[in-house]
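Q: So that we are looking at the same thing, I have put the structure below in structure tokens.
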Amino acid sequence: MDDLLWRHLRDLPAFRALLRAVEASFYADLPLRRPTLDVGCGDGHFAAAAFEGGLDAGFDPGWGSLAEARERRAYHVLAQAEGARMPYPDGCFAMVVSNSVLEHIPRVQPVLEEVARVLQPGGWFYFCVPGPGFLSFLSVGRALDRVGMHSLGEAYRRWFNRISRHHHCDGAAVWEQRLEAAGLRVERWWAYFPRRALTALEWGHYLGLPSLVCKKLVGRWVLWPSRANLWLTERLVRPLHQESLEVCAEDGGGAYLFFVTQKRATPEESAPSAGGST
């Protein structure tokens with residue numbers, strides 16, 4: 001069964017594969033418009049696994065990541081660039097996607113303005129980011145809170161957020177304000193990735209150290225990506241994957257938020273359908 005979970009599980013640490021497979025399922029349920037730009041394309045693995053035939057263009061500030069993306073042939077055109085200075089003309093793309101990237105950018109407003117600039121009138125922007133639930137769901141922080149060690153719990157949340165390289169874990173209302181200021185209208189959003197899944201992701205950072213060593217030594221997260229080698233991992237992760245496909249209507253229902261937005265222009269166009277809304 002070559003489903004979205006297995007496509008990610010055979011190449012990524014289990015905790016990351018779980019999250020990426022859930023996100024890929026959301027994109028699969030949304031219309032794909034061409035040409036499409038991927039903001040912060042990284043090594044191209046997500047585009048190769050989530051989008052049949054890849055995407056039209058992608059950019060990233062890191063040369064090493066772009067080299068991997070080129071090998072995967074997930075994009076027709078690649079560029080090295082910063083999000084606040086996209087090397088594309090106005091109105092160049094019908095759709096822009098950005099998967100778990102914007103939270104890593106300290107000054108995110110100029111990036112949103114650039115997204116609006118390169119989009120065609122009425123073009124769509126799909127993206128996902130961690131929300132407030134990311135911090136409140138962390139199991140170690142909750143355990144410390146339960147025994148009255150709230151200051152240590154907050155310190156742990158700040159530390160885990162720092163090692164995750166997050167600059168933003170904001171709610172939907174904050175993102176809606178940013179998007180409106182950039183000329184992008186939120187059509188739908190939903191929360192996803194419940195507490196049990198986030199706990200698996202949290203502990204996966206610690207238990208996944210062998211995968212990190214493997215990546216450093218041989219350039220692969222998974223040394224032997226076979227069903228025989230990964231059957232137990234898949235058996236443990238698949239129930240969490242199924243549970244995580246259920247979307248929530250409020251920030252507090254999931255650790256991450258997915259947005260479907262449109263550049264202001266054509267009010268007669270209707271929003272694409274997908275699970276969950278507000």
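Q: Restricting to the range 152-162, give me the number of residues that are under 20 Å from residue 128 (Cβ atoms) and open to solvent by 20 Å² or more (accessible area, probe 1.4 Å).
A: 1
Q: Can you name the number of the only condition in (1) crowded, with 16+ Cβ neighbours inside 10 Å; (2) in a loop (DSSP other than H, G, I, E, B) that residue 165 fails?
A: Condition (1) is where residue 165 drops out.
Q: Considering only the range 106-143, state which residues are in contact with a Gly (Cβ under 7 Å, 6 or more places away or on another chain), open to solvent by less than 40 Å² (accessible area, probe 1.4 Å) and under 25 Å from residue 248 (Cβ atoms).
A: Scanning the range 106-143 gives 131, 133, 141.
Q: Looking only at the range 20-31, which residues are touching a helix residue (DSSP H, G or I) at 6+ places or on another chain (Cβ under 6 Å) and among the aliphatic types (A, V, I, L, M)?
A: Listed by number, the residues that qualify are 21, 22, 24.
Q: Taking interchain pairs and intrachain pairs at least six residues apart, which have beta carbon atoms under 7 angstrom, with the first residue in the range 70-89 and open to solvent by 90 Å² or more (accessible area, probe 1.4 Å) and the second charged (D, E, K, R)?
A: Matching pairs, first to second residue: 76/56.
Q: Of everything in the range 90-103, what is farther than 19 Å from residue 129 by Cβ and in contact (Cβ under 8 Å) with a residue 40 or more places away in the chain? Give them in sequence order.
A: 92, 93, 94 - these are the residues of the range 90-103 that are farther than 19 Å from residue 129 by Cβ and in contact (Cβ under 8 Å) with a residue 40 or more places away in the chain.
Q: Provide a single number: the residues in the range 65-118 that are in a loop (DSSP other than H, G, I, E, B) and of a type in the set (Lys, Arg).
A: Count: 3.
Q: Then there's this: What do you reckon, is residue 142 without any contact (Cβ under 8 Å) to a residue 12 or more places away in the chain, among the charged types (D, E, K, R) and out of contact with any His (no Cβ under 8 Å at 6 or more places or on another chain)?
A: Criteria met by residue 142.
Q: Residue 116 - would you say it is farther than 29 Å from residue 244 by Cα and without any contact (Cβ under 8 Å) to a residue 12 or more places away in the chain?
A: Judged against the criteria, residue 116 is not a match.
Q: Here is a list of conditions, (1) farther than 23 Å from residue 196 by Cβ; (2) touching a residue at least 24 places away in the same chain (Cβ under 8 Å); (3) not charged (D, E, K, R), and residue 53 meets all of them except one; can you say which number that is?
A: Among (1) farther than 23 Å from residue 196 by Cβ; (2) touching a residue at least 24 places away in the same chain (Cβ under 8 Å); (3) not charged (D, E, K, R), the lone unmet condition for residue 53 is (2).
Q: I've got another one for you. For the subset of the range 180-213 comprising residues that are at pLDDT 95 or above and β-branched (Val, Ile, Thr), which member is nearest to residue 16 (Cα to Cα)?
A: 199
The values are calculated or read from the model by the stated rules, or taken from the named source; none is laboratory data. All of these numbers come straight from a predicted model, not from anything done at the bench. All Cβ positions, glycine included, derive from the backbone under ideal geometry; neighbour counts span all protein chains shown. Calculation scope for accessible area: heavy atoms of the full protein, side chains included, ligands and nucleic acids excluded. Shrake-Rupley method; radii C 1.70, N 1.55, O 1.52, S 1.80 Å.
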